[in-house]
Amino acid sequence: MEFSDDLLAALLSIVASVAFAGSSVFFFRGTRHAHNWVGILCSVLLGPPVFLVMALGTGEFGELGAVSGLFILFMASAGVLHFVVGRALYFGSIRAIGASRSSIAIGAVPFFSVLFAVLLLDETMSVAIALGGFLVLLGPLLISQGRASGNAAFPISPAQLRTGVLLGLGTSVLWGTSPVMISAGLDENDLPVAGGLVSYAAAGSALLVAFVVSPGAREKAAAPDRRGVLWYLLSAACVTVAQFLTFLALSLGSVTVVILLQQTSPIFVLLLTFLVSRHLEVPNATVIAGSIIVVTGAAIVVASS
């Protein structure tokens, strides 16, 4: 049986969404045993070798010598903002409030992507996009005002809940900015895999510099619990696979379909949380309602873009 390119892109997008969800859930398990910095190291440093192999396989690596300076600037900046600063905020959110709530808090990414495109690229915002944006912001607001429960193994205080939601919204702003920067870079040179390699290389370099100049970062990552490292490596493998599948999906189908299907990730986070972390994290009715609202709003934003 043969699959059309659009159908294959849709299937890859759904699998990528599951992988992104797995990354969040497994990272949360890692935070119970080792500091976030260990997870950030695993997540960022696994990307460059994978994208190097991809760039060599597609032939894009050989074209890096002829790209423009703006291509390098945009891709490197996007890499540092997305993979280092953005992930640091997101992983901090996961540590504070768990994977299921954090996945809702970052649901505003499509809205901020459209907003920055309107402000920086002279694109237009329709009423439907504004409505979708309202919904993706309503979801985090709903869980921030809800009951701060958790359970005995993972209690969540009201202050912890607010901090986690704010970190997630900060992640949305940064992750909403990076696609605009990547788009600007690809306008210079249409080399998406090579661009991913530049982004990951810049992120890895920035992270290593941070560890060299920051004794606090080295101290937090020193002698981690092996259980935490294993969960973090599993999380890093999932997010790297998800990024790879996303590139494949984008090469086969439309951007709108790929992004739309990946907004189902909060639903998969809820399912995987039940399977993997239900002894730590029990999503309540507020979290489930917030997930549905965010997925609906994101779908409206993407479908109307």
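With 10 Å bins beginning at zero, the pair-distance distribution over Cα atoms of the stretch 1-76 amounts to 14, 27, 34, 22, 3 %. Highest mean packing comes first when the peptides 200-209, 59-68 are listed by Cβ atoms within 10 Å, giving 200-209, 59-68. Packing-based ranking of 181-191, 77-87 yields 77-87, 181-191, ordered from highest to lowest mean Cβ neighbour count within 10 Å.
Suppose R0 equals 30 Å; then what is the FRET efficiency for Phe274 and Val118 from their Cβ-Cβ distance, rounded to the nearest 0.05? Could you put the intermediate results ahead of the total?
Working: r = 38 Å, r/R0 = 1.26.
Rounded to the nearest 0.05, the efficiency is 0.20.
No lab work stands behind these numbers, since they all come straight from the coordinates. Computed from a prediction, not measured in an experiment: that's the story for all the values here. Glycine also receives a Cβ, built like all others from the backbone with ideal geometry; neighbour counts cover every protein chain displayed.
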